Amino acid sequence: MPTTNPHNNASAAAETVGGNDDIVTEILIRVPVKPLLRFKCVSKRWLSLISDSHFSRRHHHHHHRHRTSLSGIFLRRSTPSHFQFVSLDGTHSSPPFTSLDFIAHKIKDPSLSGVKILQSCNGLLLCRSLNKSLTDQTHHYYVCNPTTKRFSTLPRLSIEGPIIIFGLSLAFDPSNSPNYQVVCVRSSAVSLYSYQIEIYSSETRAWRPCGPPFVAPFDMVFDSAVFWNEAVHWLSPSGSALCFDVDKEVVRTMPSLPGSDAWGKRRFRYFGESGGHLHLIEVCGCRTTQFKVFEMASDCSRWFVKYEVDLGSIVVAFPEIVREFLDPRDSCYYAFVIVFVVTNEEEAELLLHLPGKIISYNLRDKSFKKLCELTPYHNETRSSLQFGWLDAYQYIETLAFV
């Protein structure tokens, strides 16, 4: 009876698997993003499989069945195109990048001095060029995937006459669609406080006006938007809030935050989304370490208190955050910044910036730990606060096309 060679059997099985695109795809879908990008170099066939938009969407659904996983946070330095990276996935690997200069280098435009992040949304970044010339007020806008190092340049708005762009925001939910949209709020000729929305779609690669002009409070901050629950949300320092429903293409007001009626004196210290939740934090003055973390109801009907925070134990462990006024008999204030709220099914944490370091504070069991030391940059010192919550951007690994 002839004997079979196990090595030949294994080789034949490998050839059978390797020659079946469906089987290879099912295997590759289970591979994390970073090694998957290296696998593109294996063969032209693997490159084609991994680069397919349908594969990208299936890969996302496999790895993020519940919520998109947050890998880290980019903290913008005093030079807007350079960043400090804080890893949140338990690894200490090198950051995906420390600057966005690779965009300027690929464009090869001598007028660009760098690129600034405006917003992060589910793995994609909305960016704007920085011009060397002080007289050139025109900007180019980009949507960038920092994982794949690919980007696309947005076309200019084809509007006759002078316009003012008050803010652009990115709307991207890979669970619903592989395409993204950019929402632009620009000036309208109707009245001084009247605005017009233009929408760019990655599917059509074009801008289009959306709906009639709308009126907004004079202090609405359109350049610090948050995308949550299929809508773009804006907040004003006086407490007013609006949102734009991307699917229904309507602007509506948001519920007011409960508490003080003295809107003009309110100081919001954080407004952002994480793990499918929208949070807002108001700290009453700089002489307290106690505050509440508000969360928006899933139906966008009301704000409610999700967590109550007391950072007294952090003050004891890190006394350098206590700062005295000129008169030592006067009260002290506390030097800390809320950088980010991290929430998912497993954890709920505050990322706090203290002088010279980033701290993670567990909102459930009140424990805390130091995540990293911060290296002073240019004219910064270890005793200074280098970042605010508007300088923090999520990093989520994704194969999404731009």
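Considering the zone a paramagnetic label at Arg150 would reach in this model (a point 7 Å from Cα along the Cα-to-Cβ line), which residues of region 167-201 have amide N under 15 Å from it? Residues 178-180 fall inside that zone.
Say R0 is 35 Å: what FRET efficiency, to the nearest 0.05, do Arg208 and Cys41 get from their beta-carbon distance?
Details: r = 39 Å, r/R0 = 1.12.
My answer for the efficiency is 0.35.
Of Val24, Val337, Val305, the sequence from fewest to most neighbouring Cβ atoms within 10 angstrom is Val305, Val24, Val337.
Counting other C-beta atoms within 10 Å, which of Cys41, Cys184 has the fewest, and how do the rest follow?
Details: Cys41 9, Cys184 23.
Ordered from fewest to most neighbouring Cβ atoms within 10 Å, Cys41, Cys184 come out as Cys41, Cys184.
Beyond 23 Å in Cα-Cα separation lie the following of the pairs Lys306/Lys357; Lys149/Lys357; Lys34/Lys366; Lys149/Lys370; Lys34/Lys357; Lys292/Lys366: Lys306/Lys357; Lys149/Lys357; Lys34/Lys366; Lys149/Lys370; Lys34/Lys357.
Within 10 Å of each residue's Cβ, count the other Cβ atoms and sort Arg150, Arg38 from fewest upward.
Numbers: Arg150 14, Arg38 9.
Sorted ascending by nearby Cβ count, the order is Arg38, Arg150.
Amide H contacts of Leu371 (H built 1.01 Å from N, in plane; Pro and chain starts excluded): Ile358, Ile359, Ser360 sit under 5 Å, all sequence-distant by 5 or more or on other chains.
Values in this text are rule-based calculations from the coordinates and carry no lab data. This structure is a prediction, so every number in the text was calculated from the model and none was measured. Don't worry about glycine lacking a Cβ; one is built from the backbone with ideal geometry, like all the others, and counts go over all protein chains shown.
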